[in-house]
Amino acid sequence: MTQVSFPIHYSAVLDRVSKIRPIRYGKTRNFIDGDVSYLSPYISRGVISTKQVMESVLSHGYAFSSVEKFIQELAWRDYWQQIWKSLGNEIDQDVKRAQPKVKNHQMPAAIQNANTGIEAIDGSINRLYSHGYMHNHVRMYVASIACNIGGSHWYIPAKWMYYHLLDGDWASNALSWQWVAGANSHKKYFANQANVNKYCHTRQRGTFLDVSYVDFENMDMPGKLMELIVPALKCDLPGTPFPDLDGSKPTLIYNSYNLDPGWHQDMDANRVLLMEPSHFKKYPVSKHVLNFILGLRENIPGVQVAVMEFDQLVNQFQLSEVLFKEHPTCTHYRGTEEPRDWMFSVTGYYPSFFSFWKKCLREWRR
């Protein structure tokens, strides 16, 4: 598989947006080498919005039917975010029902060690470590192995995956893991070796996944998954000097979910990338991810990094006017909250994506 790179320069990101091929995406997206956009890290980090991507695609004049699958998959990100916005910290727990048949609150060491014996899975885990990305279909495979075959509750392995993802979006990650594990859906997701072979272009046989689907629910735990571990997810924030701020000016607060270079770009203001230790303690990320976040900040002229809590920043510099974008991780911020750009005006909690999507379609077709 060709290695994927994620440039940090805004011009390169916009170039990637302009080159989306939504028709090819709809036909090939489930294959590990499918024609996907590789925009998820920039959407998750708030560099671009789902609405911005949708409008770019629609500006090319595609027929509705030919791009519906791409727009629908893009809308999943807004859907997960709307659930997080509505439920808050409740998404850290089983949302719809208790995860069935939980045997442990750890995760298989074979997954962390990329040693499951399944070539496509182990290769993808190693690429996750080196490049911070994993194809969405493979994420489902890994979650199914950890939770539905290994018996692990979804929370710990979901935190492990989030730690390494450049596109780490806790809503998308946590709720997708719950969907696979049956805690945010009515059944568990399984994939056998034939399915893995098809979408990952392998020909492997004889693994613990090389069974029929009817065998999954009652299969014994494979020996490969018996050793369990709680991964050490250490997050070392950068040592930075205190920012030099003018308290008489407005202050724009950026964070790891809002790195939008176009946000109030003409305003005479302090610009601060706030990296709160409390946030990264709750949602730890790897050094690779931290470097990606810090790299993306270079697209914002004049932004300064502040490793401190929000209240400390405001009090230390006596900031009188603070602006920030709405996000579930920012509910403790004080000041002027501005909305994010959503694809549609549909808001609130919907128990299923398709009930959410029906409302979006009505708006789209007006």
C-alpha long axis of helix 353-364 to longest principal axis of the chain, angle in °: 50 degrees
Degrees between helix 287-296 axis and first principal axis of the chain (Cα, 0 to 90, nearest 10): 40 degrees
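Once every DSSP H run of n ≥ 4 in the chain is given -39500 (n - 2.57) and the sum is divided by its residues, what mean residue ellipticity at 222 nm do you get, rounded to the nearest 500 deg cm²/dmol?
Numbers: 15 runs with 145 residues, N = 366.
Rounded to the nearest 500, the figure is -11500 deg cm²/dmol.
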Segment SER11-ARG365, length gained on full extension (0.36 nm per residue, minus Cα span): 124.3 nm
15 Å reach of a label modelled at SER66, 7 Å along Cα-to-Cβ, counting backbone N of segment 11-47: 20-27
Anisotropy class of segment 259-351 from Cα gyration tensor, a/c 1.5 cut: rounded
Whole-percent pair-distance distribution, where bins are 10 Å wide, for the alpha carbons of segment 1-123: 10, 29, 31, 25, 5, 0
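Around GLY26, what is the net charge, scoring Lys/Arg as +1 and Asp/Glu as -1 over all other residues with Cβ under 12 Å from its Cβ? Before the final figure, lay out each step's value.
Working: positive: ARG21, ARG24, LYS27, ARG29, LYS69; negative: ASP35, GLU68, GLU73.
Neighbourhood net charge equals +2.
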Whole-Hz couplings from phi, Karplus 6.51/-1.76/1.60, listed for segment 91-104; x for Gly and Pro: 6, 7, 10, 4, 7, 9, 7, 5, 4, x, 6, 6, 10, 7
Pairwise label distance in nanometres, ASN113 with LYS358, each label 7 Å out on the Cα-Cβ vector: 4.9 nm
Summed residue charge, Cβ within 11 Å of VAL314's Cβ, Lys/Arg positive, Asp/Glu negative: -2
For segment 102-215: accessible area per residue (Å², 1.4 Å): 34 Å²
Fraction of accessible area attributable to carbon and sulfur, the chain (%, probe 1.4 Å): 49 percent
VAL230/HIS264 FRET efficiency (R0 41 Å; Cβ-Cβ; nearest 0.05): 0.45
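Tell me, what is the FRET efficiency for HIS332 and VAL4 to the nearest 0.05, using R0 = 25 angstrom and their Cβ-Cβ distance as r?
With a Förster radius of 25 Å, E is 0.10.
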Interchain or long-range residues, amide H under 5 Å from ASN255's placed H: LEU274
Segments 117-123, 222-228, 181-187 sorted - mean Cβ within 10 Å per residue, highest first: 117-123, 181-187, 222-228
Percent of alpha-carbon pairs separated by more than 34 Å within the chain: 29 percent
Computed E for LYS101/ASN315 - FRET, C-beta separation, R0 35 angstrom, nearest 0.05: 0.10
Nearest-ten-degree value, helix 64-87 long axis tilted from longest Cα axis of the chain: 70 degrees
Amide H contacts of VAL305 (H built 1.01 Å from N, under 5 Å, at least 5 apart or other chain): LEU273
Segment 75-157, relative contact order [Cα under 8 Å, separation at least 6], %: 37 percent
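What percent do you get for the relative contact order of the chain when only Cα pairs under 8 Å and 6+ apart count? The partial results should precede the final answer.
Numbers: 545 pairs, mean separation 72.6, N = 366.
Averaging sequence separation for qualifying contacts and normalising by length gives 20 percent for the chain.
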Local net charge near HIS135, Cβ-Cβ under 10 Å (Lys/Arg +1, Asp/Glu -1): +2
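The values are calculated or read from the model by the stated rules, or taken from the named source; none is laboratory data. These numbers come from a predicted model, not from an experiment. Note that we place each Cβ from the backbone using ideal geometry, even for glycine, and neighbour counts take in every protein chain shown. Side chains included, ligands, DNA and RNA excluded: accessible areas come from the protein's heavy atoms. Shrake-Rupley method; radii C 1.70, N 1.55, O 1.52, S 1.80 Å.
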